[in-house]
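The values are calculated or read from the model by the stated rules, or taken from the named source; none is laboratory data. These figures come from a predicted structure and were not determined experimentally. Ideal geometry is used to build each Cβ from the backbone, glycine not excepted, and the neighbour counts take in all protein chains shown. SASA here: full protein model, heavy atoms, side chains in, ligands and nucleic acids out. Shrake-Rupley method; radii C 1.70, N 1.55, O 1.52, S 1.80 Å.
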Amino acid sequence: MMETLINVIKTTRENFIRLVESLSPEQLNHVPEGFNNNIIWNFAHIISAQQLLCYRLSGLEPRVDMETILAYRKGTKPDKVVDQEEINRFVALCRSTVDDLVTDLSSGVFISYQQYTTEFGFELNSVHEAVQFFAVHDSMHLGYAMALRKAVLNNNN
């Protein structure tokens, strides 16, 4: 089952990467009317959330710097323009954080887990449950980003 979940996550993230790479930095940073964030925030947010849900709640050091995690965690909004260099870094992290997770899951580094209830009411009691949740979470934010893309492109016409 975990292998299937990882494949879902990787596929979702590759779709998200294709979306990000199809747009300019200006389009990625644009917050359309009626929205409170932008595409690049949603993209960085899935990286931040995965690190918090899997690593921090397991008492482990995240694989991403805390500045990035805190800037894109739940409850934040875009507060700066993200340039192409940072976009490229997020693309690399989007892939590497899943690869790191697979390695860490197979090597048994996840020993403890601090129970956490998501804002959707899901109670997470293990890193395996966190992986199940963030597979859905990533997909949801890809959907948001697709809606944002439509609004951004319609705004340019």
Suppose each label sits 7 Å from its Cα in the direction of the beta carbon; what would the Val81-Lys150 distance come out to in nanometres?
2.8 nm
Accessible surface, the stretch 24-157, averaged per residue in Å² (probe 1.4 Å):
52 Å²
Are there chymotrypsin sites (Phe, Trp or Tyr not before Pro) in the stretch 67-150 that DSSP marks as loop and that have at most 13 other Cβ atoms within 10 Å, and which are they?
Phe120
When the helix-only estimate is applied to the chain (DSSP H runs of n ≥ 4, each -39,500 (n - 2.57), divided by the residue count), what is the mean residue ellipticity at 222 nm, nearest 500 deg cm²/dmol?
-20500 deg cm²/dmol
Residues Ser107 and Glu21, FRET efficiency given R0 of 25 Å [Cβ-Cβ distance, rounded to 0.05]
0.20
Quick one: Karplus J couplings for the stretch 22-36, per residue in order, coefficients 6.51, -1.76, 1.60, θ = phi - 60°, nearest Hz, x for Gly and Pro?
8, 10, 7, x, 5, 5, 5, 8, 6, 9, x, 4, x, 10, 10
Under a 1.4 Å probe, counting only protein heavy atoms, Thr76 has an accessible area in Å², nearest 10, of 40 Å²
Find which of Ala71, Ser96, Leu60 sits farthest along the positive direction of the dipole of the stretch 24-157, computed with +1 on the beta-carbon of Lys and Arg, -1 on that of Asp and Glu, about the Cα centre.
Ala71
For the chain, set up a Gaussian network in which alpha carbons nearer than 10 Å are linked by springs, and say which option among Leu70, Leu142, Leu28 fluctuates the most.
Leu70
Spacing of the two label points (7 Å from each Cα toward its C-beta) at Val31 and Glu119, in nm:
1.4 nm
With a 1.4 Å probe and all protein chains left in place, how much of the accessible area of the stretch 1-116 comes from carbon and sulfur atoms, in whole percent?
51 percent
Under 5 Å between amide H atoms, partner at least 5 residues away or on a different chain: which partners does Leu124 have, H built in plane at 1.01 Å?
Tyr116, Thr117, Thr118
Kyte-Doolittle mean at least -1.0 and Cα extent at least 20 Å along the axis: which DSSP H helices of the chain qualify?
2-21, 84-107, 127-155
